Amino acid sequence: MNHNLRKKNKKRAGGGVRSFFLPSLFLSLCIPLTACKADILPPGREVENMALMRTMGVDAAETDGVRVTVSSGVQSKGADKGDEPPQVFYRDAGTVSGACLAMQSYGTAYIFYGHVGQLLVGEALAERGLAEALDYVERDIEMRLDTELFVVKGAGAFDAIASAATGTSSAADRLEALEDDAGLMATSATRTVKDVLAGQAQNGASFAPAITLTSGETGNGAGEGTDLSAAGFAIIKDNALAGWADGDAARGINLLLGQVDADVLELDLPGGGKAALRIVGSAAKVRPVFQDGTLAALEVSCQVDANVAEAPAALDLSDDTVRRRLNAALVAAEEARIRAALDLSQSLDADFMGLKKWAGLSAPWHWDALKDQWAGRFSRLEIRLRVEGDIQRSYDVKQ
């Protein structure tokens, strides 16, 4: 077909290809695509012949390789037949893929990993490196990048998953509750495998929520037993566990990243009694300071918003002096928390919050110099922190 005929056909067909050679084009494309589909996609299976896993854990094996643990949720047996306890399977192998395949030998049902919503990594494996576990999620055709990631502090993933599996509950149930309540805890936040991989690629470091196994009252109506509880954050650098952020440092991370939906700050009042401020939001900015082309400092500013949640009846919240005192106490407390997060980042030489990226966005004309100088200076860089507080509401009831 010559050039003029192609132009005419495109014009008459609205930019498309004329139908007289569509069949041959269509057939030539369909044949290789059909072959590719057979090679790439897993065979179709009936749901009733599948065991749907909801949680996966990866640990360092006792010898070489890894231990992979998977668990289903509590399954209903049908109307008036009660519930079936969660299933828990595990296997040791040289790789995550090998262990997952080996687990297919359990029973007659096909173990399906496409419903896995949480990935747990034990502390020992996290210290050795998370690359293998994260790479499996990234490459496997059944796993998803939006899988929530948790690092188990002081224990293995097998311990966390097995201990949470009871007749009425599973690891998935408890972890989903932690995910739903993350914004209310102030010391935790949800992070997916994709979030952690992106942080590693962009900043060389990232972080993930940490969980611990706690004994005693579970708080979920199950009485005495073992529960999974939030424990701040695991700091990841060069694909391995570098440290932990808990207490003030964990709160400071959430303040800087604007991930505070609710937190209560309790203050001792000079005249006696206590006041409680509810933290309802925060927003931070980062700006680089250059002197003669050299990165000299970072300026970090953070606005913290709060409401008065509780105060003695005798405290006159309409008094400007009282409000200034409360605001000063708010600023001092939140500044200490943010400073703890920044100090941790510098002590580990791990920019897990992405400060470099923030600084570059605020001063793009310095980006090349910032990239070149960051690695050698960040851990000892002066960080000038300024926190401002705003108590927005007191909920006073006027008679």
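The values are calculated or read from the model by the stated rules, or taken from the named source; none is laboratory data. Computed from a predicted model, the values in this text were never measured in an experiment. When we count neighbours, we look across all protein chains shown, and the Cβ atoms used for this are built from the backbone with ideal geometry, even at glycine. Just so you know, the surface numbers come from the protein's heavy atoms only, side chains and all, with ligands and any DNA or RNA stripped out. Shrake-Rupley method; radii C 1.70, N 1.55, O 1.52, S 1.80 Å.
The Cβ shell under 13 Å around GLY360 holds other residues with a net charge of +2, Lys and Arg each +1, Asp and Glu each -1. Loop-located chymotrypsin sites (Phe, Trp or Tyr not before Pro) in segment 98-133 (DSSP state not H, G, I, E or B) with no more than 16 neighbouring Cβ atoms inside 10 Å: TYR106.
Which of the pairs LYS153/LYS356; LYS194/LYS371; LYS274/LYS357 have their Cα atoms more than 32 Å apart in this structure? Correct reply: LYS274/LYS357.
Solvent-accessible area per residue in segment 251-391 equals 48 Å², computed with a 1.4 angstrom probe and all protein chains kept.
Rounded to a whole number, what % of the accessible area of segment 47-245 do carbon and sulfur atoms account for, probe 1.4 Å? Within segment 47-245, the accessible surface is 47 percent carbon and sulfur.
Computed over protein heavy atoms with a 1.4 Å probe, the carbon and sulfur contribution to the accessible area of segment 251-391 reaches 46%. Over all other residues within a Cβ to Cβ distance under 12 Å of GLU179, the charged ones net out to -4, with Lys and Arg as +1 and Asp and Glu as -1.
Using a Förster distance of 51 Å, how high is the FRET efficiency between ASP135 and GLN291, based on the Cβ-Cβ distance and rounded to 0.05? E between ASP135 and GLN291, to the nearest 0.05, is 0.75. Take 342-349, 257-264 and order them by the average number of nearby Cβ atoms within 10 Å per residue, most first; the result is 342-349, 257-264. For MET103, the shell of other residues with beta-carbons less than 14 Å away shows a net charge of -1, using +1 for Lys and Arg and -1 for Asp and Glu. With a Förster radius of 45 Å applied to the C-beta separation of ALA314 and GLU388, the computed FRET efficiency comes to 0.95. Between ASP349 and ALA328, the contour length at 0.36 nm per residue exceeds the alpha carbon distance by 4.5 nm. The modelled label-to-label distance between ALA276 and LEU145, using points 7 Å beyond Cα along the C-beta direction, is 4.2 nm.
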